[in-house]
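Right, one structure below, let's go through it.
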Amino acid sequence: MTTPNMQTNALSPTTASALSELTEMDQGTLFAAQVHKMGDARGAAGSKVIYGDDTTLVLIWTGFSYRALIARSKKMLDAQINKGGFIERLTRATLDEHEGTTIADACAAIQETRDHFRRVLGGAGGGPVTPNGGVWEPLHIDGMEVRGSRVYRGAARPEDERAPVPGTIYVQGVKLGERVVEPAPNGPWRADSKPKTVAKRLIKEALPIGLFCQYKLDPQRVSSVSVGAKAEKVAKAEGIPIDPGALRSLFKIAP
């Protein structure tokens, strides 16, 4: 089983036209940023190695309906299951990454994914957590409010390594494309996940929910930020590869 989405270049006339249409929509915001990712610290204390700390240019569409994204994902998954053979295909695909995968692992992954979708659609939670409250405020750039984004305006808490620093931006949305500017020196971290975990990832990667992303943008790790028409220009000028499957999804998940 493979993810159906292929990538094309942002300069393609069709893709450029779709980006322009998104820019004009009043249901979300195009957001572009150059980010030095935090990465994953692995190893013993005092000798930790950082993996996955690439510097990338990323293009995101924020402010859409997360519930609609889940609803479309559930509909697509149900359709695949109803066609027959989905469990077998998922098992084979998972076996390619994890020896010893069984049909039971694939079935459990499907069931847990469907249960998660039902909880979100039933209003029982399980969706993305958006920081809010007195220390958070909506993100504004060039006079435009970036929906689905918040900025931390509270005090610094150096005693807590996980606490945000003042000015940290949290962005939730659909990742339309990404270009690596500088690869991580130690490469990506490759976790030894259990078969069921691998199967759940493969399921989501083949659905609209697989496009969902969340970014914590520390001000010291963000080189540039642009929104709206400026973000569109950045995507074209920098040649950020755009996922056409992501673009197609956006015109169906808007509230």
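Please find the FRET efficiency linking Arg67 to Glu137, where r is the Cβ-Cβ separation and R0 is fixed at 35 Å, and quote it to the nearest 0.05. Could you put the intermediate results ahead of the total?
On the way: r = 24 Å, r/R0 = 0.68.
After rounding to 0.05, the efficiency reads 0.90.
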Calculate one ³J(HN,Hα) per residue across the range 136-141 by plugging θ = phi - 60° into the Karplus curve 6.51 cos²θ - 1.76 cosθ + 1.60, and present them in order as whole Hz with x for glycine and proline. 10, 9, x, 7, 10, 10
Here is the link list: Lys74/Lys233; Lys37/Lys194; Lys74/Lys230; Lys37/Lys200; Lys37/Lys236; Lys83/Lys200. Which ones come out longer than 28 Å on Cα distance? Lys74/Lys233; Lys74/Lys230
With each label point set 7 Å from Cα along the Cα-Cβ vector, what nm distance links Lys83 and Ala155? 5.7
How far is it, in nm, from the label point at Ala45 to the one at Arg201 when both lie 7 Å from their Cα along the line to the Cβ? 2.9
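Over the range 8-253, what is the mean sequence separation of C-alpha contacts under 8 Å (at least six apart), divided by residue count, expressed as relative contact order in percent? Write out the running numbers ahead of the final one.
Working: 419 pairs, mean separation 83.0, N = 246.
Computed value for the range 8-253: 34 percent relative contact order.
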Sequence-distant or interchain residues sharing an amide H contact under 5 Å with Ile240, placed H: which? Ala10
The long-range amide H neighbours of Leu176, using H built 1.01 Å from N in the peptide plane and a cut-off of under 5 Å, are Leu59, Ile60, Trp61
Counting other C-beta atoms within 10 Å, and keeping those with at most 16, which DSSP coil trypsin sites (Lys or Arg not before Pro) do you find in the range 157-224? Arg162, Arg190
Residue by residue through the range 198-208, which ³J(HN,Hα) values in whole Hz follow from phi under the Karplus form 6.51 cos²θ - 1.76 cosθ + 1.60 (θ = phi - 60°), with glycine and proline marked x? 4, 4, 5, 5, 5, 4, 5, 5, 8, 10, x
Taking the simple approach of a point 7 Å from Cα along Cα-to-Cβ for both Ile103 and Thr55, what is their distance in nm? 5.2
With r defined as the distance between the Cβ atoms of Val222 and Lys194 and R0 fixed at 35 Å, what FRET efficiency is calculated, to the nearest 0.05? 0.55
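Just so you know, all these numbers are worked out from the coordinates, no wet-lab data involved. These numbers come from a predicted model, not from an experiment. Please note: Cβ atoms are built from the backbone with ideal geometry, for glycine as well, and neighbour counts cover all protein chains shown.
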